[in-house]
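The values are calculated or read from the model by the stated rules, or taken from the named source; none is laboratory data. Keep in mind that what you see is a predicted model, and the values were worked out from it rather than measured. Cβ placement follows ideal geometry from the backbone for every residue including glycine, while neighbour counts extend to all protein chains displayed.
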Amino acid sequence: MSQLVTVPNLFSLIRVAAVAVFWWLMASERTVAAAWLVVTVAGTDWVDGYLARRLGQVTELGKLLDPLADRLMIASAVVAGIWADVLPGWIAWPLLVREALVTAGALYGWSRGRRVDVLPLGKTATFLLYGSVPAFYLVEGDVLPWLFGPPAWIAGVVGLVLYWWVAVAYGREIVAPTR
């Protein structure tokens, strides 16, 4: 039980729970608050991993929860962004398709006893998208559009390209013969 209940795992669970708060904010039409929640979750993305390494509490559950929190928040922000007409479709739809494919691939790999480690380039892509998606929300909420608009587009395009690049790498790793 001590391998499950760790400070980093609790932190990851809080990040997962933040997804429900995000949906409540969106349902309440509080788009700007929802954007800032995504920024907060993104800004704390590294904390659970840092704590796990620093405290010597790296667990298999933590290795699952950290990317799960990222995937749930990004997918939620993209779905809500489509629903609220906040995100450009040519960024949002490829992100959703990629999330579905990577999730299916991860489940397939897991069913075969394989776990694919997060790639540094994947962390970079996630960071860019974690910046881009809420920036689009802030622009929609008329929060400094001149400041948040250009980075939303630049980080969105670059993040999307990297996200797909990494998805292909994950796919190769999942279907590669076991060594």
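Residues that are modelled with pLDDT under 80 and either within 24 Å of G131 (Cβ to Cβ) or among the aliphatic types (A, V, I, L, M) (or both) within region 89-118 comprise V116, D117, V118, listed in sequence order. Which of the following residues is closer than 21 Å to A152 by Cα and among the polar types (S, T, N, Q): T59, T40, T103? It is T40. Of the residues making up region 23-42, those that are out of contact with any helix residue (DSSP H, G or I) (no Cβ under 8 Å at 6 or more places or on another chain) and either part of a helix (DSSP H, G or I) or under 17 Å from L10 (Cβ atoms) (or both) number 2. Within this structure, G81 passes the test of being part of a helix (DSSP H, G or I) and under 23 Å from L37 (Cβ atoms).
Considering A92, A104, the condition of being assigned to a helix (DSSP H, G or I), free of Cβ contacts under 8 Å to residues at least 24 places away in the same chain, under 18 Å from L72 (Cα atoms) and in contact with a helix residue (DSSP H, G or I) (Cβ under 7 Å, 6 or more places away or on another chain) is satisfied by A92 alone. Would you mind stating whether V32 is surrounded by fewer than 17 Cβ atoms within 10 Å (Cβ to Cβ) and more than 19 Å from F136 (Cβ to Cβ)? When the stated conditions are applied, V32 does not pass them. Restricting attention to region 77-88, the residues that are at pLDDT 95 or above and touching a Phe, Trp or Tyr at 6+ places or on another chain (Cβ under 6 Å) total 0. On inspection, A33 passes the criterion of being among the hydrophobic types (A, V, I, L, M, F, W, C) and either closer than 28 Å to A152 by Cβ or within 14 Å of the chain's Cα centre (by Cα) (or both).
Pairs meeting the criteria (first residue in region 10-34 and in contact (Cβ under 8 Å) with a residue 24 or more places away in the chain, second residue assigned to a loop (DSSP other than H, G, I, E, B) and of a type in the set (G, A, S), beta carbons under 7 Å, at least 6 apart or on different chains) are M26/A84; T31/A84; T31/G141; V32/G141. Please find, within region 54-78, the residue that is nearest to L10 (Cα to Cα) out of those that are touching a helix residue (DSSP H, G or I) at 6+ places or on another chain (Cβ under 9 Å) and small (G, A, S). Filtering region 54-78 for residues that are touching a helix residue (DSSP H, G or I) at 6+ places or on another chain (Cβ under 9 Å) and small (G, A, S), the one nearest to L10 (Cα to Cα) comes out as G62.
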